[in-house]
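Taking it in order: structure first as structure tokens, then the write-up.
The values are calculated or read from the model by the stated rules, or taken from the named source; none is laboratory data. If you're wondering where the values come from, they're calculated on a predicted model, not measured in any experiment. Backbone-built Cβ (ideal geometry, glycine too); neighbour counts: all protein chains shown.
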């Protein structure tokens, strides 16, 4: 095989591969996790809020967020993050109200959190 034929062969192979990739049907929206969703889940913090549950201020806007462990008899300890130490006193007046807000935020991110690298790699996703 001469150089011209070899070059034509290699280009033909690449062209065929490009056509095959272009002809692959697009993934239907919502049918599976996208690589971006997988990356979001893998890099997401365990705490579901980016704002103080009491004041609504962005966590970190007043310096380092204050981590507080809420303890209640018969319940698992719960992490609550505040914008400042002053919000802890308000939280303690009605913890159930604020814990419900955290739970609601956690449920809102739960569908995305079901995405994993494995589910995105399944053949049904492609």
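Checked against (1) assigned to a helix (DSSP H, G or I); (2) modelled with pLDDT under 95; (3) surrounded by fewer than 13 Cβ atoms within 10 Å (Cβ to Cβ), residue 92 passes all but condition (2).
Specify which of the listed residues (23, 46) is exposed (fewer than 10 other Cβ atoms within 10 Å of the Cβ), touching a strand residue (DSSP E or B) at 6+ places or on another chain (Cβ under 9 Å) and at pLDDT below 95. Talk me through it step by step, then tell me what you get.
Values: 23 fails: touching a strand residue (DSSP E or B) at 6+ places or on another chain (Cβ under 9 Å).
Unique residue meeting the criteria: 46.
For residue 39, indicate whether it is at pLDDT below 50 and either within 20 Å of residue 107 (Cα to Cα) or surrounded by fewer than 15 Cβ atoms within 10 Å (Cβ to Cβ) (or both). No, not satisfied.
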